[in-house]
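Step one of this worksheet: look at the structure below.
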Amino acid sequence: LKEIIVEHSSGKYPVVITNRVYDILSEKITHFKDHKFYFIIDSNVDSLHSPVLSKYLKLKPEARKFILRAGESSKSFNTLNKILADLASNNYQRNTLIISIGGGVTGDLAGFAASVYMRGVKLVHIPTTIIAAADSSIGGKTGINFNGRKNIIGSFYHPEFVITDPQFLKTLNENDYRSGLGEIIKYAFLSGTSFYDFVYDNFNKLERRDPEILEEVLFHCIRLKADVVKKDEREAGLRKILNFGHTFAHAFESASSFRIRHGDAVNAGIISALHLSYIKGLINKNDLNTLLKLPLKLKIAQSIKKLDKSKLYSIMQNDKKNTFNEPQFVLLMEPGILLIDINADKKEIFEAAKSLNVIS
Ligand SMILES: NC(=O)c1ccc[n+]([C@@H]2O[C@H](COP(=O)([O-])OP(=O)(O)OC[C@H]3O[C@@H](n4cnc5c(N)ncnc54)[C@H](O)[C@@H]3O)[C@@H](O)[C@H]2O)c1
């Protein structure tokens, strides 16, 4: 069992990494005796893990369970409405504890619901994907997609605690697992060379879901994210480095109507951002070729290569991270040294995105 404390402007909370998730959950919820529990569970997680899950849900027989249809389309007003209506019609009051069990979609939506219901009720995250464990369950960003755009409605809202159990990752299908590795690759670029080398050298083991390597990698990512959140919770500066590859990635996701997985989009976004770093003169050709080796260990989704470049550009112009209509990027000088708020013109962006077509 490992624990990392996440500090933020109004308090702190622990992220526990364990392979006894339900025991730790039962133990921790004893501190919330006077609360009424509401589980929001991803539908795939519910069916794959329901025998064990239901045993623990019985600890609180009066608790309700909302099964969230798996997929990005659930991060919507429509589903939020259903959750809020279910809470209200079942007489959930301020002493509500919402427990989200699932990936980034479940966590983002459950977190947003918790932040607005009764002006904020208590929240717990149990992440079950790599992206949720390494990234989305930490740092308090919640939200839904709106008008075809990612995460443009949301809030900052922190949980009481997070319990991460790498055993959940065993049941992820190949595509979801691979997509999660895209986010790990991002963390490798954000860290100094030692973690970058660790991820690079152990990539085969990571792909094989080696439990020790996975735990080590998750621990490092969570610690890094906690450190960034502590220094810049509201993304005034430093936190923006977490968006490495994301200006491209969000455009890939939106242009494909969210059919491309987030981590796949992030990995392709990193490849484009590395090319843009080269185009901007931040790295030389040799560095570019060396740095591309890590993201190229993952297969690039064919569907990304087919996206219309002009559509991508107009989505980037509307990215919520921009100050005006100029797309902004996080670019890299070397692993661990990144530059934020870098503008690029249409020609440079097209050239960087074009690199995905030539890479096979
Ligand atoms: N809030 C943040 O800071 C933040 C950071 C990064 C990403 N995100 C968001 O996270 C989302 C992507 O997260 P994700 O990749 O976890 O997506 P997801 O929640 O859609 O999960 C991916 C798939 O894995 C399935 N799944 C989940 N756990 C499983 C398990 N243990 N076994 C088998 N299948 C399982 C789900 O049913 C789903 O089909 C995006 O919406 C993204 O915007 C948020």
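Per-structure values
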{"quantity": "Cross-chain or 6+ apart pairs with Cβ under 7 Å, segment 20-38 first and closer than 19 Å to Gln167 by Cα, then among the hydrophobic types (A, V, I, L, M, F, W, C) and open to solvent by 20 Å² or more (accessible area, probe 1.4 Å)", "calculated": "Tyr22/Val52; Ser26/Leu59"}
{"quantity": "Any pair with Cβ under 7 angstrom, 6 or more apart, that starts in segment 83-107 at a residue that is over 30 Å from Tyr177 (Cα atoms) and ends at one that is open to solvent by 10 Å² or more (accessible area, probe 1.4 Å) and within 16 Å of the ligand (Cβ to nearest atom)", "calculated": "Asp86/Phe66"}
{"quantity": "Selection count, segment 115-130, where residues are open to solvent by 30 Å² or more (accessible area, probe 1.4 Å) and either out of contact with any strand residue (DSSP E or B) (no Cβ under 9 Å at 6 or more places or on another chain) or under 20 Å from Gly263 (Cα atoms) (or both)", "calculated": "2"}
{"quantity": "Helices (runs of 4 or more DSSP H) wholly inside segment 204-295 containing at least 3 residues that are of a type in the set (A, V, I, L, M) and open to solvent by less than 10 Å² (accessible area, probe 1.4 Å)", "calculated": "211-231, 262-279"}
{"quantity": "Candidate set: segment 168-186, residues that are within 9 Å of the ligand (Cβ to nearest atom) and among the charged types (D, E, K, R); chosen: the one nearest to the chain's Cα centre (by Cα)", "calculated": "Glu183"}
{"quantity": "Every residue from segment 9-40 that is at pLDDT 95 or above and touching a His at 6+ places or on another chain (Cβ under 8 Å)", "calculated": "Gly11, Tyr13"}
{"quantity": "Within segment 1-113, strands (runs of 3 or more DSSP E) holding 1 or more residues that are within 11 Å of the ligand (Cβ to nearest atom), under 30 Å from Asp232 (Cβ atoms) and of a type in the set (Ser, Thr, Tyr)", "calculated": "96-102"}
{"quantity": "Of all residues making up segment 236-254, the number that are more than 12 Å from the ligand (Cβ to nearest atom) and more than 19 Å from Glu348 (Cα to Cα)", "calculated": "5"}
{"quantity": "Residue, modelled with the highest pLDDT, within segment 317-340, restricted to residues that are open to solvent by 60 Å² or more (accessible area, probe 1.4 Å) and in contact with a strand residue (DSSP E or B) (Cβ under 6 Å, 6 or more places away or on another chain)", "calculated": "Glu326"}
{"quantity": "Residue check for Ser26: touching a Phe, Trp or Tyr at 6+ places or on another chain (Cβ under 7 Å) and polar (S, T, N, Q)", "calculated": "yes"}
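The values are calculated or read from the model by the stated rules, or taken from the named source; none is laboratory data. As the structure is a computational prediction, the values presented were derived from the model and not from experiment. So basically every Cβ, Gly included, is an ideal-geometry build from the backbone, and we count neighbours across all protein chains shown. These accessible areas exclude ligands, DNA and RNA; they are computed on the full protein's heavy atoms, side chains included. Shrake-Rupley method; radii C 1.70, N 1.55, O 1.52, S 1.80 Å.
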